[in-house]
Each structure stands twice: as C-alpha cells, then as structure tokens.
Ligand code: ZN
C-alpha cells in the first residue's frame, strides 16, 4: 500500500469527469487499497479517485469512527434520495474549509464491488452525505459549488491567502 497525493482545490484534475470502470482489475484493487490508506491517515470519511489523480469512477467511504466499515464503490449511482438536510461538510481537497450544504439524508445507491458484483446500499445521515459528496467528485463537482456566490468568494479569498503563504 502507498500514500497518494491529494489534489487540492484549484487543481484542474478536480474539474474533469471520471470514466466508468469496465472491469475490476488488479490496478483498481490496488488503487482502492491506497485510497483507504490515504483517507485513513488524513482522517477523511471519503475519497474519490480523481482526488488522487485517477479519472475512474471509484470511491472509498468509511464514516465509522473505528474505521471498521470500509466501503469501496465502483461506478456508484444514486437511484433515489429523500429528505434534504443542511449540514456541515468538509473535503480532503479543501483542508480546514467547512460549509453547510443541503443534501439528501436518505439515499439508495447502486454500485459495483471489488468482486464485480452489483450491489445496492441504503444509507442515511453521514453515510448518505459522504456517498453523495464522493459521487459529486466523479462528476467533477465540489461541495462549495453549492454555496451562494458570496460565500464561495470568501472561501476562494481564504484559499488565495493560504496559497500565498505556501499553505495550500
Ligand atoms: Zn471531497
């Protein structure tokens, strides 16, 4: 396993849509292991392949504080969602930036597991939020895209300040 470099907000890779995975290869398995290692070591709840520079529809999620519920989703797709709620959210590609975003609190998601089997997962709360956040990355969307323009502008100013200090 290896630590992967997280691409930060401002990097154009975060604005490229990821491709569907046709076949679960050894490379996909290795990638997901590296993604878990990277995500856990940075205390993230989820990570999407484009955040580490791979344009593949693969994401890892684990919202369990004991890190005992790892979930790898290949080609995930939300098939239904209900009850929108506004909750605080963050992202490994935007360290120490948090904002409230409205998302479904209940979701049903279809995905392929690492055995190539089609699975369905019903999720609620934090897990549902993490899944929606990671699928957004596969579609080149970032959580601050949902914010009103003035809030986004403030965040971008803050990022610019940090970039100047070499802290981004
Ligand atoms: Zn993110």
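The values are calculated or read from the model by the stated rules, or taken from the named source; none is laboratory data. Please read these numbers as outputs of a predicted model, since none were measured by experiment. Cβ atoms come from the backbone with ideal geometry, glycine included; neighbour counts cover every protein chain shown.
Here are the numbers:
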quantity: Subset of the stretch 134-168 (residues that are over 17 Å from residue 56 (Cβ atoms), within 16 Å of the ligand (Cβ to nearest atom) and in a helix (DSSP H, G or I)); calculated: 143, 144, 145, 146, 152, 155, 159
quantity: Criterion: within 16 Å of the ligand (Cβ to nearest atom), closer than 20 Å to residue 155 by Cβ and either surrounded by 19 or more Cβ atoms within 10 Å (Cβ to Cβ) or modelled with pLDDT of 95 or more (or both) - qualifying residue of 14, 71; calculated: 14
quantity: Residue in the stretch 46-60 that is farthest from the chain's Cα centre (by Cα), counting only those that are within 11 Å of the ligand (Cβ to nearest atom) and assigned to a strand (DSSP E or B); calculated: 59
quantity: Residues being in contact with a helix residue (DSSP H, G or I) (Cβ under 8 Å, 6 or more places away or on another chain), in contact (Cβ under 8 Å) with a residue 40 or more places away in the chain and under 30 Å from residue 148 (Cβ atoms) - total across the stretch 91-124; calculated: 8
quantity: Residues (in contact (Cβ under 8 Å) with a residue 40 or more places away in the chain, within 19 Å of residue 119 (Cβ to Cβ) and either within 16 Å of the ligand (Cβ to nearest atom) or outside any loop (DSSP other than H, G, I, E, B) (or both)) located in the stretch 21-45; calculated: 28, 29, 32
quantity: Which numbered condition residue 129 fails, given (1) within 15 Å of the ligand (Cβ to nearest atom); (2) touching a residue at least 60 places away in the same chain (Cβ under 8 Å); calculated: (2)
quantity: Residue satisfying all of: in the stretch 77-97; within 14 Å of the ligand (Cβ to nearest atom) and in a strand (DSSP E or B); farthest from residue 162 (Cα to Cα) among these; calculated: 88
quantity: Single residue of 19, 62 found to be out of contact with any helix residue (DSSP H, G or I) (no Cβ under 6 Å at 6 or more places or on another chain), within 21 Å of residue 142 (Cβ to Cβ) and buried (at least 21 other Cβ atoms within 10 Å of the Cβ); calculated: 62
quantity: First in the stretch 137-153 and in contact (Cβ under 8 Å) with a residue 24 or more places away in the chain and more than 11 Å from residue 91 (Cβ to Cβ), second anywhere and in a helix (DSSP H, G or I) and away from the ligand (no atom under 12 Å from the Cβ), Cβ under 8 Å, 6 or more apart; calculated: 140/15; 147/155
